[in-house]
1. If you roll a 1.4 angstrom probe over the protein chains with everything in place, what fraction of the accessible area of the range 31-109 belongs to carbon and sulfur, to the nearest %?
2. Would you please give the FRET efficiency between residue 229 and residue 179, computed as 1/(1 + (r/R0)^6) with r the Cβ-Cβ distance and R0 = 41 Å, to the nearest 0.05?
3. Which GluC sites (Glu not before Pro) in the range 229-280 sit in a loop by DSSP (not H, G, I, E or B) and have at most 12 other Cβ atoms within 10 Å of their own Cβ?
4. Be a star and scan the range 225-256 for residues whose amide nitrogen sits under 18 Å from the point 7 Å along the Cα-to-Cβ vector of residue 213.
5. Where only protein heavy atoms count, and the probe is 1.4 Å, what is the accessible area per residue for the range 52-129 in Å²?
6. Step through the table entries 48/122; 132/165; 40/115; 6/122; 6/118; 6/239, compare each Cα-Cα distance with 24 Å, and write down the pairs that go over it.
7. Quick one: order 102, 38, 161 from most to least accessible surface, probe 1.4 Å.
8. Can you compute the helix-only [θ] at 222 nm over the chain? Use -39500 (n - 2.57) per DSSP H run of at least 4 residues, normalise by all residues, nearest 500 deg cm²/dmol.
Amino acid sequence: MRYLTKEWYELCQQTHLHFGLRVHNGANEFDENLFLRLYKRKERAHVKQERELYNLDPRFMLEHDGQVLTRVDKAFSGEEVTEEDQIIYHMPPEERAHIKKLIAEYDVRPPFDEKKCKEEYKESMEWNFQYKAENLPQEIVEQIADIRVFTLGYCTREVMLQLNKQSAENRREMERISKEFREVMMAQDISDEIHGRIQYHDCTVTELLTGDEVVIRFDTRGGFTNINKLTLVAPEIIKQEGEIVGSYWLYQELYRIESGYELHVLFGGANMPELIVRCADILVEEE
């Protein structure tokens, strides 16, 4: 990758460092009692939300069947709505069957397990404590009295100001790189139709075959396409790094070269795998 690199991706994650934080007067010093009090407050809110979701009866989803839907432009135009502007939604049989299955499972569910919920919350927060300590700018981490309190959403005014400043700087750099990337892509002699063949964002790689052709197969359920097979003709693999199978497609860069195309792909997953392949053609199909 030349522009949408791992470093650029990490920069994208650092553009809202202040999001969800509140200034707390007690955050300027280590205070175990303060942490325990804030933790219990957040834990109670989490358990309450999880219990409500657990006890949400899926029968409400059946209410959509037979609903009258109005065209959006008509609904907000203030004009008279006619029958031609409306349709009746008829639920597909497979969707109704899925909801019925959810209802059957709901009716025999065991009581909500509050103890398990608290244990899972504790595990999640412990992971977040470590993640914040390792991924925030070190100069800011050193000013945080208790990373646990910070992770719960509280910090000093000074730290908040620095996080806002750092977020703005990161956002400007991210946008600068993104702008340069778009300009370079637009300068490539590549048709929209070819670009459209490599739109696999959030699709999971299920198979990667190399040889006379590079063939990649996808589970597309998490993405925005049904095309699940990508073939790179007459390939030359420039870079193949990390465990690509099992990872998901994040971003791509496509360059025109004399012999065809040079495709760069950054994947999401452990250590963010990367693939760069030169090829004569790009073929896609739905199997």
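1. Numbers: 3390 of 6070 Å².
Whole-percent figure for carbon plus sulfur exposure: 56.
2. Working: r = 33 Å, r/R0 = 0.81.
In this case the efficiency is close to 0.80.
3. Details: sites: 236, 241, 243, 253, 258, 262, 274; in loops: 243, 258.
In loop regions of the range 229-280 (DSSP not H, G, I, E or B), the sparsely surrounded GluC sites (Glu not before Pro) are 258.
4. In the range 225-256, the label zone of residue 213 (backbone N under 18 Å from the point 7 Å along Cα→Cβ) covers 227-237.
5. On the way: 6190 Å² over 78 residues.
Each residue of the range 52-129 exposes 79 Å² on average to a 1.4 Å probe.
6. Values: 48/122 15 Å; 132/165 18 Å; 40/115 14 Å; 6/122 30 Å; 6/118 34 Å; 6/239 14 Å.
Checking Cα-Cα distances, 6/122; 6/118 exceed 24 Å.
7. Values: 102 55, 38 0, 161 115 Å².
Final ranking, largest accessible area leading: 161, 102, 38.
8. Details: 9 runs with 115 residues, N = 287.
Value at 222 nm, helices only, nearest 500: -12500 deg cm²/dmol.
The values are calculated or read from the model by the stated rules, or taken from the named source; none is laboratory data. In this text the structure is predicted, and so the values were computed from the model without any measurement. All Cβ positions, even for glycine, are placed from backbone atoms using ideal geometry, and neighbour counts span all protein chains on display. Surface areas here come from the heavy atoms of the whole protein model, side chains and all, with no ligands, DNA or RNA. Shrake-Rupley method; radii C 1.70, N 1.55, O 1.52, S 1.80 Å.
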